[in-house]
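One structure below.
No lab work stands behind these numbers, since they all come straight from the coordinates. What you see is a predicted model, and the numbers here were worked out from it, not measured in a lab. Methodologically, a virtual Cβ is constructed for each residue, glycine included, from the backbone with ideal geometry; neighbour enumeration extends over all protein chains shown.
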Amino acid sequence: MAGRVIHVLRTGNLEHPSSGRSRYAKVDRLNGKSHIKYRIHGLVFESEIKLPDLTPAPLSVLCDATISFGDIPGNLPAYVEQGARYQIAPSDFLIWMDRVARFRVAGGNQITVAPDPNANMDDVAELLLSIPLGILLLQRGAIVLSASVVTTTNGAFMIVGRSISGKSTLAAWFALHGARVISDDISAVTFDADEMPYVEPGPTRVRLLPEPASKTLNIETPRSVASGLFQKRSFEFKEKHCIERVVLKKIYVIEVSVDPQCKAERPPSKRDRTQMLKRFIYGRQFLHALETGVRYERQVQRLAVNVPMAIFTRPKSVNTVAELGMMILNDFSK
């Protein structure tokens, strides 16, 4: 990739109303870089990249990880596995996307970004908040699932399923009907000393395909922050989002069926719950190379033991998001 690109952030919209000074951004006078702190998935990141729609954290908060521009090598020095656009070492991960950027995730506390010279920075931020962020969480030993989480007046529940199951569409439907989205696509779970499971809030966007958004949810003008390079678009339900971690009370598995109607299946046993959740581990294909596989499976088993689970099936070709959403709300209110 051609030389490093540095973008200086404008932070005038982050001014503290009383002092006229920014509580959330600082400028390094030596190199002109601006730094903003964000709280994502229970961690505080100090970032040189402006991340749209994330709530900044005060500069006084201690930092867990950094996001910075920098030079990235063509290959990791000691990778143990590689794919079409990634390389992995036990505590090092390299991923790239043509026309966007290269990302290096190291030690569970650093993401380095080398944007393409012609990249749209919204595309860079969009990609940064997916796989690189998920890998950093995995490096830190967090329980990360490919799931959406929403909270209602009765508490929070998680929606898991394969990529065509409609997790994000359901999350958006719940948001449009009074719920708050906690996280979408990447959901991180932690436990307290009493084995109580919590979900840490993630980015505030729900990513949807344009057609389900317009036809299923009746959202006529989807707001996309990216240039069109990605198939999905980002929808903002900011007023519906929660900024505090929430207790996870139930997990719903959504499966696509040939049956013409939505229906509830028999609840799985605790052993079956573990096997099911393993299918929805975020970045599961990377765990062996990251050397976190065995430890991670124990964490997933811990989650399966402590959180009840239900399975719902829906037809493949029928618009049933409202019916399925109501079935889940009725079940969760029992």
Which FRET efficiency value, to the nearest 0.05, is calculated for Arg271 and Asn118 with the Förster distance at 35 angstrom and r the Cβ-Cβ distance?
-> 0.10
Can you put Val206, Val113 in order, fewest other beta carbons within 10 Å first?
-> Val113, Val206
In whole Å, how far is the Cα centre of region 257-304 from that of region 133-195?
-> 14 Å
Length gained, Asn306-His177, 0.36 nm per residue minus C-alpha separation, equals 43.6 nm
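Taking other Cβ within 10 Å of each residue's Cβ, how do Lys249, Lys270 sort, fewest first?
Lys270, Lys249
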If the chain between Gln261 and Asn154 were fully extended at 0.36 nm per residue, the gain over the current Cα-Cα distance would be 35.9 nm
Would you order Asp98, Asp71, Asp116, Asp331 from fewest to most other beta-carbon atoms within 10 Å of each residue's own beta-carbon?
-> Asp98, Asp71, Asp331, Asp116
Inter-probe distance in nm under a simple model that places probes 7 Å from Cα toward Cβ, at Phe191 and Ala84 = 3.7 nm
Once you have the Cα-Cα distance between Lys334 and Asn319, take 0.36 nm times their residue separation minus that, and quote the gain in nm to one decimal.
-> 2.9 nm
